[in-house]
Number of protein chains: 4
Amino acid sequence: MSVIVDFSLFPLDKGESLSPYVARSLRIIQESGLPYDFRAMGTSLEGEWDEVMEVVRRCLEAMRADCNRVVLHLKADCRKGPGGRLQRKIDSVREKL
Amino acid sequence: MSVIVDFSLFPLDKGESLSPYVARSLRIIQESGLPYDFRAMGTSLEGEWDEVMEVVRRCLEAMRADCNRVVLHLKADCRKGPGGRLQRKIDSVREKL
Amino acid sequence: MSVIVDFSLFPLDKGESLSPYVARSLRIIQESGLPYDFRAMGTSLEGEWDEVMEVVRRCLEAMRADCNRVVLHLKADCRKGPGGRLQRKIDSVREKL
Amino acid sequence: MSVIVDFSLFPLDKGESLSPYVARSLRIIQESGLPYDFRAMGTSLEGEWDEVMEVVRRCLEAMRADCNRVVLHLKADCRKGPGGRLQRKIDSVREKL
């Protein structure tokens, strides 16, 4: 079963400029080898639930290492059938226009 | 490190009346023994990250068993220090009023 | 059409102790007169879309007044039929147990 | 004050294939003339709070017209300073890698 997880993760105790902390997560995501889409408001990852959530857990651990308070927001879309949905979902809507 | 996870989980292919599916999750949450707060728009669970996310995973598995498409929304608040925050966060705001 | 909106709103540039800022929103919510449920991870409000979102807008304005960066998370459940769903949704799931 | 709103909106009573409903929202978003980024898990819109939320409201109205139950998920990032953040936030993180 294909899962797409879209998440954003940031500290509350490091002020308003968060890009160094987000970069830490992006590095972990890139090293995971999973298909991903990094955007302004979050990153979408596709894979099996356990492998995707292992990446999220690693990002969280890397942030908790030196942050006192961390907030995570995540949404997941789990659907029976083949993967490759990160792009196919977009194409499927555009064809309807 | 104390984690509060608030989540909602529902199928997209079972029509608009979802309480039987939500009840399935609530049973799993109750059996977990973790402190929780079940409300109209989601359930908050408190514990260690791994134990809380194991409950979420079990709820997801129970729903995927007979649903073709399942959506999850989750937010987490991770903070250094003691647990018991499900109630203490509420009290702390009310004292400021 | 009944709408329940559950939201959380906090500044990123004020450190990790946020209860004074959350209290500011809670005061605005209480003054709105709409049915609400204030919890550890967010507040649920019920009403018409325009009146509920006017409360959210006022909370946001009150926070932007002295915060440089503010994050909002919101989910809404809109359903045809009568209101009173803040409690009825909970009862409806509990009856299934 | 620049606001980026990322949102997803879908009916619960129309089965698991949602692209015709999402296309309806995308058309409204495109007609708004606001900068946007349409992706697999949601669409990000940038502008003033009132103009962005007017687009969200129009998408919701178009979906409620023939759907009995509609779910919305939204997150907003409001920051003092100039706009153009849909792309600049991404660049700012990539520079840190």
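The values are calculated or read from the model by the stated rules, or taken from the named source; none is laboratory data. Source: prediction; values computed, not measured. Cβ placement follows ideal geometry from the backbone for every residue including glycine, while neighbour counts extend to all protein chains displayed.
Please go through segment D:48-63 and give me each residue that is within 14 Å of chain A (Cβ to nearest Cβ), within 11 Å of the chain's Cα centre (by Cα) and not β-branched (V, I, T), ordered by number.
D:C59
I need every pair where a residue in segment D:11-34 that is in contact (Cβ under 8 Å) with a residue 12 or more places away in the chain has its Cβ under 9 Å from the Cβ of a residue that is part of a loop (DSSP other than H, G, I, E, B) and of a type in the set (D, E, K, R), sequence separation at least 6 or different chains.
D:P11/B:E16; D:P11/D:D66; D:L12/B:K14; D:L12/B:E16; D:D13/B:E16; D:K14/D:D66; D:Y21/D:K14
Every residue, every condition in (1) crowded, with 21+ Cβ neighbours inside 10 Å; (2) of a type outside the set (A, V, I, L, M), yes or no:
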| residue | (1), (2) |
| --- | --- |
| A:L34 | no, no |
| A:E51 | no, yes |
| A:V56 | yes, no |
| A:A76 | yes, no |
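Suppose the filter is more than 24 Å from A:L45 (Cα to Cα) and at pLDDT 95 or above; does D:R64 pass it?
The answer is yes for D:R64.
Among (1) more than 9 Å from chain A (Cβ to nearest Cβ); (2) touching a residue at least 12 places away in the same chain (Cβ under 8 Å); (3) in a helix (DSSP H, G or I), where does D:V3 come up short?
Going through the list (1) more than 9 Å from chain A (Cβ to nearest Cβ); (2) touching a residue at least 12 places away in the same chain (Cβ under 8 Å); (3) in a helix (DSSP H, G or I), D:V3 breaks only (3).
In segment B:23-44, how many residues are part of a helix (DSSP H, G or I) and either touching a strand residue (DSSP E or B) at 6+ places or on another chain (Cβ under 7 Å) or among the hydroxyl-bearing types (S, T, Y) (or both)?
Total satisfying the criteria: 4.
So is C:V22 in contact with a Pro (Cβ under 8 Å, 6 or more places away or on another chain) and closer than 22 Å to D:H73 by Cβ or not?
no
Working only within segment B:61-74, note down all residues that are assigned to a helix (DSSP H, G or I) and either buried (at least 21 other Cβ atoms within 10 Å of the Cβ) or on the phi > 0 side of the Ramachandran plot (or both).
Within segment B:61-74, just B:M63 meets the criteria.
Restricting to segment A:21-39, name every residue that is over 12 Å from the mean Cα position of the chain (by Cα) and within 7 Å of another protein chain (Cβ to nearest Cβ).
So in segment A:21-39, the residues over 12 Å from the mean Cα position of the chain (by Cα) come out as A:21, A:23-24, A:31, A:33.
Listed by number, the list holds a single entry, A:A23.
Among what's in segment A:36-75 and is free of Cβ contacts under 8 Å to residues at least 40 places away in the same chain and small (G, A, S), pick the residue that is nearest to B:M1 (Cα to Cα).
Among them, the one singled out is A:A65.
Failed condition for D:Q87, given (1) at the interface with chain A (Cβ under 8 Å from one of its Cβ atoms); (2) crowded, with 18+ Cβ neighbours inside 10 Å, with all others met?
(2)
Go through segment C:64-77 and report how many residues are more than 7 Å from chain B (Cβ to nearest Cβ), under 20 Å from the mean Cα position of the chain (by Cα) and either under 17 Å from C:D37 (Cβ atoms) or of a type in the set (D, E) (or both). Quick ask: steps written out before the conclusion?
Initially, segment C:64-77 is screened for residues more than 7 Å from chain B (Cβ to nearest Cβ), giving C:64-72, C:74, C:76.
Those still in the list that are under 20 Å from the mean Cα position of the chain (by Cα) too: C:64-65, C:67, C:69-72, C:74, C:76.
Next cut, either under 17 Å from C:D37 (Cβ atoms) or of a type in the set (D, E) (or both) only: C:74, C:76.
Residues that pass the stated criteria total 2.
Mind listing just one residue for me: the one in segment D:6-20 that is touching a helix residue (DSSP H, G or I) at 6+ places or on another chain (Cβ under 8 Å) and facing another protein chain (nearest Cβ under 7 Å) and, of those, surrounded by the most Cβ atoms within 10 Å (Cβ to Cβ)?
Looking at the filtered set, the residue picked out is D:S19.
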